[in-house]
Amino acid sequence: MTRGLVPLCAGVAAYLFFLCAAEILLRDSDTLWQIKVGQWILEHGAMPYTDVFTFTKYGEAWISSSWLAQVLFAITYGAGDWAGPAILTSFAIGATVTIYLYLLSPHFDSARTFLIAALALLQSASHFLTRPHMLALPVLLAFIGGLMSAADRRTHPSWLLLPLMTLWANLHGGFVLGLALIGPIGLEAIWSAEPNRRAQLAMRWALFGMAALVASCLTPYGWGSLLGASKILSLGKLLSLIWEWMPADFSEFTFFEATLLTLIGVAFYRKLTLSVPRILLLVGLIWMALTHVRNIEVFAFIAPLVLAKPIAEQWGTSDGTSAFEEARSAPFITILATIALVVGAWASTTAYAAHHPFLFNSKVTPAAAVDLLQKRGAQRIFSTAPFGGYLISRDMKVFIDGRAELYGEQYVLDYMDATEARDVGQMLSLLDKYQIDATLLNTTSPMGYALDHVRGWKRIYKDDVAVIHVRSNEPAAAATAAEKPN
């Protein structure tokens, strides 16, 4: 087997591993409303321009910058329940690994390439979820890897990268990162080029940047996709309260912290020298990861691409042959082996999916509680945001879900204050303002404890996932709650 097949073999192995561990992918409630949006698009044959899933923001402007990924998830979910989305997400991870190893192979031997890829996966695994950003990850790597490859060769990027930008823009709002990196990576190509080529090269990178901007607007929303993707960044204080947008926390030792400190130590010890543009790129990636934990995966996958060529030249980590070249040297063997790998992966998937139940995290799917609410005819339910996705999947209008950009900063802050019961008076005012007739909270919510002792509310149900309170004319202390035994 040629070494050119190693990235494909590793990608298949990663795909099968995450398929067998699919439950770690099926744990985020946002997946539920993402699929519902995809189903809505398929049913109506149109794109959403306003909210249709809430009773508080119904009819307000909202677009889906991840519409294509949502449709893909909806199609696969309809075909095989949770097996389909799990297979699709695992495939995206396998494709990511394959592309990543191919990008690294010109600069590192196989052992170092595997080590870097493993470190990237370990740093990113906490954000591996059945959500649109996972389907966009291999596209992100292919596009930015293509830019870095052009910069390493001191030339302009291939126009074939433009369809990748269009695909990325339809899969996930993170495509703005690709647009933002064209300038810094292009600066590296221009900086390293011969002086007499710099003007021409700068013009080519500028033309590519403008073409990429146009390509990113080839979505059902046109240039509105750019505005929608950037809207999340205007949430102010809220960004420091949402888990994946929080800054990195070094109060406890983390794998990201260990990787960052090791990188700094090794770079000093081996006296790695970088050009000014590469230094700016690396510092920018570190700043992004420190600012928002969701950017740790961007740092984990892109930083090695920025460092790859200088390390290979200064530390001699390459054996001089890339996986691409070895694959081209034996095309017949490569084609046969690829077919065998694909058939083997398909057969393994079919056999495994036929006997394995793919179950979504029960902590965010309060089925019994929602059954009771539907039986009672509850219409205006105040729920925690993680339960919002499940309510949407049950065709119920919600108070809130994971679309923070729809609700805005103050709305979500008021919601958080209410769930924390920081001011009981304000909490009750919020329930009255939106004419809430029932609440659906997790069992440890301070708001639930507060409602147990507030006149006019009573607890009617509790299990190990959720607790329900409804309005009552009696003191809550006199009410009898129905509890499901654990």
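Computed quantities for the displayed model
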{"read-out": "Most positive-pole-ward Cα, Q379, L428, G389, against dipole of segment 362-483 from beta carbon charges", "value": "Q379"}
{"read-out": "222 nm mean residue ellipticity, helices alone, for the chain (DSSP H n ≥ 4; -39,500 (n - 2.57); rounded to 500)", "value": "-19000 deg cm²/dmol"}
{"read-out": "5 angstrom amide H check on A438, placed H, neighbours 5+ away", "value": "R380, F382"}
{"read-out": "Helix runs (DSSP H) in the chain reaching 18 Å along axis by Cα, Kyte-Doolittle at least -1.0", "value": "6-20, 30-44, 67-80, 83-104, 110-124, 132-152, 175-192, 198-216, 255-269, 276-291, 296-315, 331-355"}
{"read-out": "Rounded if a/c under 1.5, otherwise prolate or oblate - segment 234-387, Cα gyration tensor axes", "value": "oblate"}
{"read-out": "Average projection area in nm² (convex hull over Cα atoms of segment 1-61, one quarter of hull surface)", "value": "7.2"}
{"read-out": "Test item: Cα-centred dipole of the chain, Lys/Arg +1 and Asp/Glu -1 on Cβ, debye", "value": "560"}
{"read-out": "Inter-centroid distance (Cα atoms) of segment 278-315 relative to segment 36-54, Å", "value": "37"}
{"read-out": "Amide proton proximity set for I400, modelled H, under 5 Å, gap of 5+", "value": "S383"}
{"read-out": "For peptides 414-424, 142-152, 158-168, sequence by mean Cβ density within 10 Å, most packed first", "value": "142-152, 158-168, 414-424"}
{"read-out": "Net +/- balance of residues flanking P48 in space, Cβ distance below 12 Å, scoring K and R +1, D and E -1", "value": "-1"}
{"read-out": "Cross-link reach list, lysines versus K397, counting only Cα pairs under 23 Å and skipping chain neighbours closer than eight places", "value": "K36, K57, K363, K375, K433, K458, K462"}
{"read-out": "Computed over segment 362-483: relative contact order in percent, which uses C-alpha pairs under 8 Å that are six or more apart", "value": "22"}
{"read-out": "15 Å reach of a label modelled at E313, 7 Å along Cα-to-Cβ, counting backbone N of segment 106-130", "value": "107-108"}
{"read-out": "Nonlocal amide H pairs with Y461, under 5 Å, H built at 1.01 Å", "value": "I468, A482"}
{"read-out": "C-alpha center-to-center spacing [segment 86-165, segment 383-415] in angstrom", "value": "33"}
{"read-out": "Alpha-carbon Rg with Dmax, taken over the chain, Å", "value": "25.1, 86"}
{"read-out": "Ranking of F114, F382, F358 by count of other Cβ atoms within 10 Å, fewest first", "value": "F114, F358, F382"}
{"read-out": "Two-site FRET efficiency, W191 against A111, from Cβ-Cβ distance with R₀ of 35 Å, rounded to 0.05", "value": "0.65"}
{"read-out": "Peptides 248-255, 389-396, 54-61 ordered by average Cβ neighbours within 10 Å, highest first", "value": "389-396, 54-61, 248-255"}
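Since every read-out is calculated from the coordinates, none of them should be taken as a lab result. Computed from a prediction, not measured in an experiment: that's the story for all the values here. Using ideal geometry, Cβ is built from the backbone for each residue, glycine included, and neighbour counts are taken over all protein chains shown.
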